[in-house]
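Chemist: Here it is: the structure, laid out below.
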Amino acid sequence: IDFDLILESVKYLNLLAGEGSSQIKHTLRGARLKQPEPVPLTLYQNGIVMCNGAFRPYQDPSTQQCLQDIMDGYFPSELQQRYPDGI
């Protein structure tokens, strides 16, 4: 696992997702600024935890696909159902 590449890719994807920017959220009385919700990702020596879900070892094929997506500069494809309009 190339942790340096993963961290570099996560920083890039965070910028694409709007890190540090706000969105306008309309309310009944006007509008408010809202920051995008983060997608938590914790890297461990032997696996990951994403979106506060279960621990996933690196040997698991879905974990390997998730990390490969990130290292390739893409948002993990498994997040498409959760975020159909993008992150």
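Chemist: What angle, in degrees between 0 and 90 and rounded to the nearest 10, separates the Cα long axis of helix 3-16 from the longest principal axis of the Cα atoms of the chain?
Modeler: 20
Chemist: Only Lys, Arg, Asp and Glu count, each charged at its Cβ (+1, +1, -1, -1), so figure out the dipole size of the chain about its Cα centre, rounded to 20 debye.
Modeler: It comes to approximately 660 debye.
Chemist: Loop only per DSSP, at most 12 neighbouring Cβ atoms within 10 Å: give me the GluC sites (Glu not before Pro) in the chain, ordered by residue number. Present the calculation step by step, with values, prior to reporting the outcome.
Modeler: Numbers: sites: 8, 19, 78; in loops: 19.
Counting only loop positions with at most 12 other Cβ atoms within 10 Å, the GluC sites (Glu not before Pro) in the chain are 19.
Chemist: Of the options 38, 77, 61, report the single residue whose Cα projects farthest towards the positive end of the charge dipole of segment 3-82 (beta-carbon charges: Lys, Arg +1; Asp, Glu -1).
Modeler: 38
Chemist: Can you list, bin by bin at 10 Å, the percent of alpha carbon pairs in the chain, starting at 0?
Modeler: The calculated distribution, bin by bin, is 15, 45, 26, 10, 3, 0.
Chemist: With a 1.4 Å probe and every protein chain left in place, work out the accessible area per residue of the chain in Å², rounded to a whole number.
Modeler: Heavy-atom SASA per residue in the chain reads 77 Å².
Chemist: Using a 10 Å Cβ count of at most 11 others and DSSP loop calls, identify the longest part of the chain lacking such trypsin sites (Lys or Arg not before Pro). Show your work: numbers first, answer last.
Modeler: Working: sites that count: 29, 82.
Answer - 30-81.
The values are calculated or read from the model by the stated rules, or taken from the named source; none is laboratory data. Just so you know, these numbers come straight off a predicted model, no measurement behind them. A quick note on method: Cβ atoms are made from the backbone with ideal geometry, for glycine too, and the neighbour counts reach across all protein chains shown. Note: accessible area is taken over every heavy atom of the protein model, side chains too, but ligands, DNA and RNA are not part of it. Shrake-Rupley method; radii C 1.70, N 1.55, O 1.52, S 1.80 Å.
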